[in-house]
Structure formats: C-alpha cells, structure tokens
Amino acid sequence: MSEVALQATGLVRRIEGDVSHILVNGIDLSVNKGEFLAITGPSGSGKSSLLYLLGLLDAPNEGDVIICGQPTSKLSESERADVRLTRLGFVFQFHFLLPEFTSLDNVILPMRAAGKMSEKDMRERGLELLASLGLKEHASKRPNQLSGGQRQRVAIARALSNRPEIIVADEPTGALDTASTEQVFSILREIADNGRTVVVVTHDPALAARADRRVHIVDGKIHETFVGERKAAEAAVTADVTTAEP
Amino acid sequence: MPANLLVDIAWTHVTSRVRQTLVGMAGVAMGVGFTIMMAGLMEGSQIDFLRQLVDTMPHVTVQDDRRSVPIQPAEQEYGAVQMSNVANLNSRPGIRYPESVMASLRSWIPGDVAPSVRTTAIIDHGGGRLGVTLTGIDPRQEIRVSKLASQMREGQIGDLSRAPNAIIIGQALAEKLAVKAGDTLLLIGGQGVQVTSTVVGVFRSGLKRVDEGQIYSLINLAQLMMGQSGVINELRLRLNDPLIAQKIATQVEGQTGYKSVSWQEANSDLLSSFSVRDFIVLTVMGAMLLTSSFATYNIISTITHEKRQDIAIMKSLGMRETSVRRIFIFEAAIIGVVGILAGWVIGYLLCYGWSKITIYNTLTGTTVPLSIYYSPTHYLVAGGISLLCCTGAAFFPARKATRVHPVEIIRGAS
C-alpha cells in the first residue's frame, strides 16, 4: 500500500459577502508519495483555489488538509508558514523571482529562511540544483537577464531547495512557449519519478495526460478522475501479461 | 528567521533605489543636524547665562531671618489660641555669634564663607535721591566668596580701607549719577544717619539690577547706616560646586536655624522660565525629527507598494509575516542610521560655524562668540529619537503591506 503524502477531507472554501460564492465544495482527495497529480477544469471551476488550499496558502472554511500525516486546520498562520517552508515547494504561472537577486540567491532564499545549513552548503546545493536544470552558467544572472523558460526553471530549483516532500505548481507552463513548456513539464515529471509528490494545475489536456492521475474539477467539485497515459499503459501491459499466462 | 537574510533583502531594496534612499537619508540628516545645532546653541547660551549669574551672586546666602514666625509664648502655654499682631521674640537684628557660626560652617562646607551687613540707604547727590542696597563687606574675606574683585572697572576692592567712609558703586549707577572714583556722595541711613562717602571704585557685574542698585562699603559703615553697631545680618557662602548649593543651603538652615537661600531658590522664577523654554525647544526639535522621518515613511510606503508581489512570494515560500515586516523596518533603520551619521557631521559643522559668529553681550559689555555647548548627549538623543521616528514611520506601511493575503497578489498577477 502506497504512503499518502497529501490528503484533503471535506474541503470547502467559500467567499463570504453579500452574495456567498463557493469556490471549493466538499472535495476529498488523496495523493500518494511520488505520485504526479494533475488538476484540470474550466476557468473558474475552483482548481487553483483547491491548489492554494492544498498548499496551505489559503485556509478552508470546512475540512482539513493533511500534509505527510500532519493535520493543518488547527495550525496558526506562523505554523502554516513553517510547513510551507519545510514540506512544500511552490511553482507559479509567473516565476515570482526577486528581481534584485541573482538566480543563485533566489534559489537559496528558502534555505536561508530555514536557517539550517551553512552558507557554503547552501551555495553548493543551489549550484547543484541550477546545474541539474541546465542553468549553472546563469547562476549569477538576475531574472531580467533570463528567458521565460529559464526563469521558470530557476523557480523550480527554488521550490526544490529545501527538499520538500510535495511540489505544488499552479499553471507552471501557462506563460511559456512550446519548447519551454515541454522542458518544464519533463522536469516536473522527473521530480515525481524521483519520489516527490507533484500536484499541478493545468489547462493543457495533453500535459495533464502525462501525469499519473488527473482529476477534473467542475463547480468546485471533482467531476471525474482519470488515470494518466503512462499508468494506463503500465496497467495494459500488466493485463496482457496476466492474460497470456496459462 | 535569520536576521542576516532580512538585512540582505532590506539592503538590496534600499541600494536599488539610490535617489529615493538619498532623499530619505538627507531628510533624516537635516533633522538630526539642525536638532544638534539648536540643542548646542540653547544649552550653550543657558550655561553661559547661568555662569554669569552664579559668578555675580553668592551661592548660598544665610540671612537673619526665618521662614516662619517663631512659636509665640501664648502658643506654648495654651493648646488653642487665636493670634493677631504677632511680635517677633528675636527683636535684635543680626546673626548671633557670627564668627562661631562661620567657623562651624567652614569646618564642613566645600567652599568658604564671609560675613556681610545688608541694609538700605539713600544716595543724595546732585539734587536727586536714589535708594540703593548697601552691603558692608570685609575685603579680605570677600575675595574668597565673590567675583567682585574681578568685576572692578575702576579702583580695587582693597581701596575701601584706604579712605574714610569709602564705597564701591555699580557702573550703571555711576553713569546715572555722573560720578567716578574720587567723587563724594551723601549717604542717608535708615535711622537718619547722614555720611559723606567717597567713591573709591566702580564695578560691573553684568546684571543691570545689581549694577544700578548695589553699593559696597566696609562692614562698620554699613552697621553705622543701619544704626546697629556690631551686627552681622548676612553670611555669604561660595561653594566649589555651585550645583550643590540647594543641598548645602538646606543643611545650613537645619544647622543654624537661619533662612539660607541658594542661588537656585533666589532665581527660581528665572530657572522656571528656563524649564518652559527647554520644553518649547524640545517640542520644536521633536517636531523637526518627526517631520524628517516623513521622508522615510514615504519611501517605505513606496517600496512596500512596489514590492507587493515580493511580499506575497516571500510569504508563500514560508517566511512569516513578522519576518517580512522586519525587512521594511530594517530598511528604515538603514536609511535612519546612515542619515543620523550624516546628521552628526552636519550638526557638528553647524555648531562650529555658529560658534564663529560674534554678538554683543549686554551682560559683559563685550563682543563675544555665540556660546555653543558640545555634548555627546545631544548627538545620542537626536540620533536615538530620529531612529525611533524612522522605524516607527516604517512600521505602519510595513504592517499594512505584509497583511496582504498572498493568494490575492498571486491571483492578481496571474
């Protein structure tokens, strides 16, 4: 049985006001360790709202998000920040890198915030991450000296810097060209293959199909769940083998 | 959250906005500089004035007087009694056994004491009459308790012994009466005694009321004018440290029973006006520092507004709200500290420049440079208040900015 990395139980998120508006309406979801989950749905369906709840950027009105076995509904804002810093990595549609800092400085920012490593170790790890994403020669460049795809890869390196169990990505390829989209999605796929949990919101059905699983959200509810192409292929192979057996 | 990370981010923010940062620093520097200059000028003039005042008069004056009416015989006899037309039991004026009292005081006070006789007299000269205070002194002892010897403009204090009924008069009085050393005046005492006196010297204390209304003679002439031979009605003390005068006066009064007045008590109305002046000047200086911090408020407001996305992303990465807020406080502190350092230099240069300006001093009758008091306290207080104002000014825009929900910013950007 696979270990659950991220679990949502009865999640509800409402916008209170003169007219109450429900963004997420009673979602139950489990994501296993090392699983690549894609969340899809039409605009305004609540997929980004669900992701922000799963990433503890927003708090639900009802329900709970359990991160690596730790319930989070009763945590204070500071405790939620600590969980985000140590267990979660974020990638957004826009890179959101600090413009005055170099790529390397941006990558080591979460490590410095955590304050658990020496300056030398942080820089070594930062360079290692940039090198693994093909950005070693851009370490001393500022975001405005990089292309869109390069900036997004720096943002991925930053998300990975504190070795989080879960990567949460909101339309990470939404502002990229086709080549960069392919590159970034491949990186996320590789991250999942290396044992980390990846949850991605995307509009692109072709990319979503490459995830292990895809949940389709409509009106704040899970409308359908699909198995990804690769998992489906693996399942077919397993079925063929089973059928062929005497 | 490690402080060096927050300082690094703060430093990056302020150094990437050189012009805005310099304007903020200039505002702080001007506020601090002018505050130091004002404080130095204010305290300098005050100290200078007090020094003149203290030099002119005895630090403590022991008078043959009491602060309240002595207990009356009827009060000693009866538990409750209504008193009217109270008679003073000590009808004979003067301090009893003045030599013994002085010997006793000399044994413990940090300074010296001299006897004198204070009375009033009328000068009849040139057809006019003028009331003055006549103080009889012992020239040999007087030089140990007053600056009269150094205030002499004509003659010397010792000349009092060289002529019969000699007197020393203030310069303003001499000008008013058109007399000079060697001239004679008619003095009329309280008991109708009339004496022809010779002016042997002219002094200038710098205080108009003294120079116009005070004359000095030997003790025996003052006793004659008072009609009380052998009486000493005033002891005058000069202390090594004038600032302990009030404490010594209290102790002397407790020991002798005579009213002892310190120079502070004698000039309490003046010192009280100094307190009011200090308060006004401090308020103005505080307002200057507060106003100078508005530049910092403006800059931090601008930075926090421009950095809304950065704030959102730092919070989403897991930096706590208080940590992000501290970044902007550090930015204000950086602007404040550099501004304060520049302000110290400006303040010193302003003080130095002002000290080169000369003005006519009515107290001394000479042209003197403006008195500036250089004190590290001025620098520390101006710097401290300015730093407090800067960080305070940053706190509110920083708090407002860091309360923003990251999701709102991320959604807005998307």
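The values are calculated or read from the model by the stated rules, or taken from the named source; none is laboratory data. Keep in mind that what you see is a predicted model, and the values were worked out from it rather than measured. With ideal geometry, Cβ positions are generated from the backbone for all residues, glycine too; neighbour counts draw on all protein chains shown. Keep in mind that these areas ignore ligands, DNA and RNA; they rest on the heavy atoms of the full protein, side chains included. Shrake-Rupley method; radii C 1.70, N 1.55, O 1.52, S 1.80 Å.
Under 10 Å, Cα contacts only: if you run a Gaussian network model on chain B, which one of B:W344, B:W354, B:W108 comes out with the highest mean-square fluctuation?
Looking only at B:W344, B:W354, B:W108, the largest GNM fluctuation is found for B:W108.
Keeping to pairs on different chains or 8 or more places apart, tell me how many lysine pairs in chain A have Cα atoms under 22 Å apart.
Working: A:K33/A:K47; A:K33/A:K231; A:K47/A:K221; A:K120/A:K136; A:K120/A:K141.
Close lysine pairs under the 22 Å cut-off: 5.
Using a 1.4 Å probe on the protein heavy atoms, what percent of the accessible area of the range A:66-221 belongs to carbon and sulfur?
Details: 3010 of 6180 Å².
Ligands and nucleic acids excluded, carbon and sulfur give 49 percent.
When Rg is the radius of gyration of the Cα atoms in the range B:265-414 and Rh is its Kirkwood radius, what does Rg/Rh come to? Let's see the in-between values first.
Numbers: Rg = 22.7 Å, Rh = 18.7 Å.
Ratio of gyration radius to Kirkwood radius for the range B:265-414: 1.21.
Using 7 Å Cα-to-Cβ label points, what is the B:R403/B:D241 separation (nm, one decimal)?
Using points 7 Å along Cα→Cβ, the separation is 5.2 nm.
Put +1 on the Cβ of each Lys and Arg and -1 on the Cβ of each Asp and Glu in the range A:4-244; which of A:N106, A:L160, A:S140 then has its Cα farthest toward the positive end of the dipole?
The one lying farthest along the dipole's positive direction is A:S140.
For the range A:1-57, divide the Cα radius of gyration by the Kirkwood radius and give the resulting Rg/Rh value with two decimals. Present the calculation step by step, with values, prior to reporting the outcome.
On the way: Rg = 12.9 Å, Rh = 12.5 Å.
We get a ratio of 1.03 for the range A:1-57.
Assign one of three labels to the range A:4-244, namely rounded, prolate or oblate, based on the Cα gyration tensor with a ≥ b ≥ c the square roots of its eigenvalues; rounded applies when a/c is under 1.5, prolate when it is not and a/b is larger than b/c, and oblate otherwise.
Details: a/c = 1.62, a/b = 1.21, b/c = 1.34.
Oblate is the answer for the range A:4-244, as a/c is 1.5 or above yet b/c matches or exceeds a/b.
What is the packing order of peptides A:67-78, A:42-53, B:145-156, A:83-94, taking the mean over residues of other C-beta atoms within 10 Å and listing the highest first?
Numbers: A:67-78: 13.2, A:42-53: 21.0, B:145-156: 17.8, A:83-94: 22.8.
The most tightly packed comes first, giving A:83-94, A:42-53, B:145-156, A:67-78.
In debye, nearest 20: dipole of the range A:4-244 around its Cα centre with unit charges on the Cβ of K, R (+) and D, E (-)?
Working: 28 positive and 31 negative charges, 116 e Å.
Once rounded to the nearest 20, the dipole reads 560 debye.
Helix-only mean residue ellipticity at 222 nm, chain A, DSSP H runs n ≥ 4 weighted -39,500 (n - 2.57), per residue, nearest 500. What is it?
On the way: 8 runs with 94 residues, N = 246.
So the helix-based figure for chain A works out to -12000 deg cm²/dmol.
FRET efficiency for B:V345 and B:A3, Cβ-Cβ distance as r, R0 = 35 Å, nearest 0.05? Show your work: numbers first, answer last.
Working: r = 28 Å, r/R0 = 0.80.
Result of the calculation: an efficiency of 0.80.
Note down the relative contact order for the range A:4-244 as a percent, whole number, built from C-alpha pairs under 8 angstrom at least six residues apart. Display every interim value, and only then the final one.
Details: 464 pairs, mean separation 66.9, N = 241.
Relative CO of the range A:4-244 lands at 28 percent.
P(r) for the range B:204-323: what percent of alpha-carbon pairs falls in each 5 Å bin, starting at zero?
In whole percents, the pair-distance histogram is 2, 8, 8, 9, 11, 11, 7, 5, 5, 4, 4, 5, 5, 5, 4, 3, 2, 2, 1, 0.
Calculate the dipole size of the protein assembly as shown relative to its Cα centre from +1 charges on Lys and Arg beta carbons and -1 charges on Asp and Glu beta carbons; express the result in debye to the nearest 20.
Working: 64 positive and 63 negative charges, 256 e Å.
For the protein assembly as shown, the charge dipole is close to 1240 debye.
Hey, rough spin-label estimate for B:Y78 and B:A178, points 7 angstrom out along Cα→Cβ, what's it come to in nanometres?
Going by the 7 Å Cα→Cβ label model, 6.2 nm.
Which order do B:Y78, B:Y97, B:Y258 take when ranked by solvent-accessible area (1.4 Å probe, heavy atoms of all protein chains), largest first? Don't skip to the end; give the middle numbers.
Details: B:Y78 140, B:Y97 170, B:Y258 25 Å².
Accessible-area ranking of B:Y78, B:Y97, B:Y258, largest first: B:Y97, B:Y78, B:Y258.
Would you pull out the residues with amide H under 5 Å of A:G89's amide H, same chain only if 5 or more places away, H placed 1.01 Å from N?
A:I166, A:I167, A:V168
Rounded, prolate or oblate for the protein assembly as shown? Axes are the square roots of the Cα gyration tensor eigenvalues, ordered a ≥ b ≥ c, and the cut-off for rounded is a/c under 1.5. Could the numbers behind the result be given before it?
On the way: a/c = 5.02, a/b = 3.48, b/c = 1.44.
It is prolate, given that a/c is not under 1.5 and a/b is the larger ratio.
When ranked by the protection proxy of mean other Cβ atoms within 10 Å per residue, highest first, what sequence do the peptides B:224-237, A:156-169 form?
Going by the mean number of other Cβ atoms within 10 Å, highest first, we get A:156-169, B:224-237.
Can you list residues whose amide H is under 5 Å from B:G111's amide H, if they're 5+ apart or on another chain and H is modeled 1.01 Å from N?
For B:G111, whose amide H was placed from the backbone, the distant partners under 5 Å are B:N240.
Give me the net charge of B:R236's neighbourhood, meaning all other residues with Cβ under 11 Å from the Cβ of B:R236; Lys, Arg count +1, Asp, Glu -1. Could the numbers behind the result be given before it?
Details: positive: B:R118, B:R144, B:R238; negative: B:D112, B:D138, B:E142, B:E234.
Net local charge, B:R236 excluded: -1.
Residue-wise, which Karplus ³J(HN,Hα) couplings in Hz belong to the range B:159-167, taking 6.51 cos²θ - 1.76 cosθ + 1.60, θ = phi - 60°, and x for glycine or proline?
Per-residue couplings from phi come out as 5, 4, 8, 9, 9, x, 6, 6, 9 Hz.
Which residues belonging to the range B:383-414 lose at least 50 Å² of 1.4 Å-probe accessible area when the assembly is complete, relative to their chain isolated?
Hits at the 50 Å² cut-off: B:V407, B:I410, B:R411, B:S414.
For peptide A:109-115, compute the average count of partner chain beta-carbon atoms within 10 Å of each residue's beta-carbon.
Values: counts 7, 4, 1, 8, 10, 5, 5.
Counting Cβ atoms of other protein chains within 10 Å of each residue's Cβ and averaging gives 6.
Check chain B and count each lysine pair with an alpha-carbon distance under 22 angstrom, considering only pairs eight or more places apart or from different chains. Intermediate values should be presented prior to the final figure.
On the way: B:K147/B:K180; B:K147/B:K208; B:K176/B:K208; B:K180/B:K208; B:K247/B:K259; B:K307/B:K315; B:K307/B:K400; B:K315/B:K400.
Value for chain B: 8.
Multiply the residue gap between A:E234 and A:I66 by 0.36 nm, knock off their C-alpha separation, and tell me the result in nm, one decimal place. Could you put the intermediate results ahead of the total?
On the way: separation 168, 0.36 × 168 = 60.48 nm, distance 2.91 nm.
Between A:E234 and A:I66, full extension yields an extra 57.6 nm.
For chain B, build the charge dipole from Cβ charges (+1 Lys, Arg; -1 Asp, Glu) around the Cα centre, then report which of B:Q82, B:Q46, B:S197 sits farthest towards its positive end.
Working it through, the farthest residue towards the positive pole turns out to be B:Q46.
Calculate, in nm to one decimal, what B:V18 and B:T196 gain on full extension: separation in residues at 0.36 nm each, minus their alpha carbon distance. Don't skip to the answer; put the middle values down first.
Details: separation 178, 0.36 × 178 = 64.08 nm, distance 8.17 nm.
Extra length from B:V18 to B:T196 when fully extended: 55.9 nm.
Relative to the Cα centre, what is the charge dipole magnitude of chain B, using +1 at the beta carbon of each Lys and Arg, -1 at the beta carbon of each Asp and Glu, and rounding to the nearest 20 debye? Each step should come with its number before you reach the end.
Values: 36 positive and 30 negative charges, 267 e Å.
Around 1280 debye, computed over chain B.
Farthest toward the dipole's positive end in chain A, which of A:F36, A:F96, A:V4, given Cβ charges of +1 (Lys, Arg) and -1 (Asp, Glu) about the Cα centre?
A:F96
Summing -39500 (n - 2.57) over the DSSP H runs of n ≥ 4 in chain B and dividing by its residue number, what mean residue ellipticity at 222 nm do you reach, to the nearest 500 deg cm²/dmol? Could you put the intermediate results ahead of the total?
Details: 16 runs with 230 residues, N = 414.
Value at 222 nm, helices only, nearest 500: -18000 deg cm²/dmol.
How large is ³J(HN,Hα) for each residue in the range A:11-26, as worked out from phi by the Karplus curve 6.51 cos²θ - 1.76 cosθ + 1.60 (θ = phi - 60°), to whole Hz, x for Gly and Pro?
Ordered by residue, 3J(HN,Hα) equals 5, 10, 10, 10, 9, 7, x, 4, 10, 6, 10, 9, 8, 10, 10, x Hz.
Leaving out ligands, DNA and RNA, calculate the buried accessible area for the pair A and B with a 1.4 Å probe, summed over both sides, in Å² to the nearest 100.
Working: alone 12170 and 21240 Å², together 30990 Å².
Protein heavy atoms only, the A-B interface buries about 2400 Å².
Would you mind getting the Kirkwood hydrodynamic radius of chain B from its Cα pairs, rounded to one decimal in Å? Mind showing how you got there, number by number?
Numbers: mean 1/r = 0.0374 Å⁻¹.
Taking every pair of different Cα atoms in chain B, averaging 1/r and inverting gives 26.7 Å.
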